[in-house]
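Below is one structure, written out as structure tokens; the observations come after it.
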Amino acid sequence: MTKEGTLLVVDDNRSILAALQLLLGNYFARVLTLPSPNQLLTTLRREPIDVVLLDMNFSAGINTGNEGFYWLQEIHRNRPDVKVVLFTAYADIDLAVRAMRDGAVDFVVKPWDNERLVAALRNAYNLARSQREVKQLKEIKRELTQEEPMFWGSSPAMMRIREIVEKVAATDANILITGENGTGKEMLARAIHNASTRHGELMVPVDMGAVPETLFESELFGHVKGAFTDARSDRAGKFEVADHGTLFLDEIGNLPLHLQSKLLTVLQSGRIFRVGSNTPVSVDIRLISATNRDLYGMVGRGEFREDLLYRINTIHIDLPPLRQRREDILPLAEGFLRRYAAKYGKPIEGFDPEASRAMQEYPWAGNIRELQHTVEKAVILCDDRVITSSTLLLRPATVPNPDPGFTTLDEMERSMIARAMEHCKGNMTEVARQLGITRQTLYNKIKRYGL
């Protein structure tokens, strides 16, 4: 076994220190010892300590454990990344409960069982390492992520939504965003996150419709090495990655009923358990959820838990479809034009009047996403200074089918998917089942057709 990590043992019994250094040296790269906690904070500042095994009593005749709790608080105040396992000769349930409540990751009683002690310390080290890796990943992702700014537009509906966002962004209220596919629910969630006090941390999106049921707990809560066949190493879940930031649960209406209770339990307790571990991990997240489904109707049909709906729905924002705010179409299109003209190095200045009129009259069933893809394709195909209606390729509006008796295979497939989505009320699992394709294939086709 590869030895990793630095362990600090603090105990006033030198015989115990010698025995533990001999035992634990087989499992950790470095084992440091202190016979008194007086040099504890100095050692933490000088050494890259991962885990502290801390005795709870240092004064003769005192066994209250208060000394251990004092130094536990000092460790958390000075090195919150260090994990602490408390060590005592006095087994007491209340003491153990208080230890876990105050932030210790485990509680071991003397005389110890070697296997139990090693397991507790290794689990503490694995937790410290995982959280360190999560922090590093957050920093990397923050550097790499290029966020799209929210386009508010000038329509009355979007102005009302902007007012709501300005009021609730600074709070930690859970928010439910509803609206058709492509209306910009994730973009709105990111705008809320960026305006919140958590903007310095990550917003972590999770597509609930794309998470296989068998991997739900592992994906959201993480797992430890050996928890299941493919768990070759510890892995943090989305809740841990989003700690102190925002967790965005997209398509939450697609979460199966039997998994909704697991999500509710975590939201109520603020703690997760990695798959294969009994060690609780506290998480502090702001929750934003989104769906294109009628959750109240699902509650009435017994398909969605009412208590979960109330938990995620402190504030409800409904995004209108693009066809109901046509004054926003051209400004949106011009914004996409500037972005993609720069991306593809095209000196395109705008849209001609016929193209502008065609876009304003088009129904945009796929909403902002369809408009975005349409403009991107037009920029790629355009060889002039302006985009014309023919370059937009808006078939229903500008390129009539020469033979109304026939349609292309793509048109037929797009129509079938759109009808299935309407019939199944946005339940992507049911849409995929009725069409006889996988959910991932369905999502690829939705993106392709701008639905």
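The values are calculated or read from the model by the stated rules, or taken from the named source; none is laboratory data. None of these values were measured; they are calculated from a predicted model. Here the Cβ is made from the backbone with ideal geometry for all residues, glycine too, and neighbour counts use every protein chain on show.
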Inset, instruction - For residues that are closer than 21 Å to residue 174 by Cα, in a loop (DSSP other than H, G, I, E, B) and touching a Lys or Arg at 6+ places or on another chain (Cβ under 6 Å), tally how many sit in the stretch 188-233. - result: 2
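Would you check if residue 64 is at pLDDT 85 or above, among the hydroxyl-bearing types (Ser, Thr, Tyr) and more than 24 Å from residue 273 (Cβ to Cβ)? Don't jump to the end; show me each part of the working.
Numbers: at pLDDT 85 or above: no; among the hydroxyl-bearing types (Ser, Thr, Tyr): yes; more than 24 Å from residue 273 (Cβ to Cβ): yes.
No: the conditions fail for residue 64.
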Legend entry - Subset of the stretch 26-62 [assigned to a loop (DSSP other than H, G, I, E, B) and closer than 11 Å to residue 9 by Cβ]: 28, 35, 49
Inset, instruction - State whether one or more residues within the stretch 238-245 are over 25 Å from residue 119 (Cα atoms), buried (at least 21 other Cβ atoms within 10 Å of the Cβ) and either more than 14 Å from the chain's Cα centre (by Cα) or modelled with pLDDT under 90 (or both). - result: no
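Could you check, for the stretch 38-50, whether at least one of its residues is among the acidic types (Asp, Glu), modelled with pLDDT of 90 or more and surrounded by 12 or more Cβ atoms within 10 Å (Cβ to Cβ)? Walk me through how you get there before you give the answer.
We begin by selecting, within the stretch 38-50, every residue among the acidic types (Asp, Glu); these are 47, 50.
Adding the requirement that they be modelled with pLDDT of 90 or more leaves 47, 50.
Cutting the leftovers down to surrounded by 12 or more Cβ atoms within 10 Å (Cβ to Cβ) gives us 47, 50.
Yes, the conditions are met somewhere in the stretch 38-50.
List the helices (runs of 4 or more DSSP H) that sit entirely inside the stretch 389-430 and contain at least 1 residues that are at pLDDT 75 or above and not aliphatic (A, V, I, L, M). Before you say what the answer is, go through the steps one by one.
Values: elements: 389-392, 395-398, 409-423.
The helices (runs of 4 or more DSSP H) meeting that bar are 389-392, 409-423.
Tell me, which residue of the stretch 431-451 that is polar (S, T, N, Q) and assigned to a helix (DSSP H, G or I) is surrounded by the fewest Cβ atoms within 10 Å (Cβ to Cβ)? Break it down into steps so the answer makes sense when it comes.
Kept after step one, since they are polar (S, T, N, Q), are these residues of the stretch 431-451: 434, 438, 440-441, 444.
Pick out the ones that are also assigned to a helix (DSSP H, G or I) and you get 434, 440-441, 444.
Details: 434: 14, 440: 10, 441: 12, 444: 12.
Per the stated criteria, the residue is 440.
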Legend entry - Qualifying residue in the stretch 218-227 (condition: over 21 Å from residue 106 (Cβ atoms) and surrounded by 21 or more Cβ atoms within 10 Å (Cβ to Cβ)): yes
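Of all the helices (runs of 4 or more DSSP H) wholly in the stretch 279-382, which have at least 2 residues that are touching a residue at least 24 places away in the same chain (Cβ under 8 Å) and not assigned by TED's automatic domain parsing to the domain that holds residue 203? Don't jump to the end; show me each part of the working.
Values: elements: 295-300, 306-312, 329-344, 353-361, 367-381.
The qualifying helices (runs of 4 or more DSSP H) are 329-344, 353-361, 367-381.
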Inset, instruction - Write out, first by first residue and then by second, each pair whose Cβ atoms fall under 6 Å of each other, whose residues are 6+ apart or on separate chains, and whose first residue, in the stretch 385-404, is closer than 16 Å to residue 373 by Cβ while the second is part of a loop (DSSP other than H, G, I, E, B) and modelled with pLDDT of 50 or more. - result: 391/382; 394/362; 397/362
Inset, instruction - Select from the stretch 234-266 the residues that are within 24 Å of residue 187 (Cβ to Cβ), part of a helix (DSSP H, G or I), touching a residue at least 60 places away in the same chain (Cβ under 8 Å) and not β-branched (Val, Ile, Thr) and list them in ascending order. - result: 253, 254
Inset, instruction - Hey, can you tell me all the residues within the stretch 69-87 that are under 20 Å from residue 280 (Cβ atoms) and either modelled with pLDDT under 85 or part of a helix (DSSP H, G or I) (or both)? - result: 69, 72, 73, 75, 76
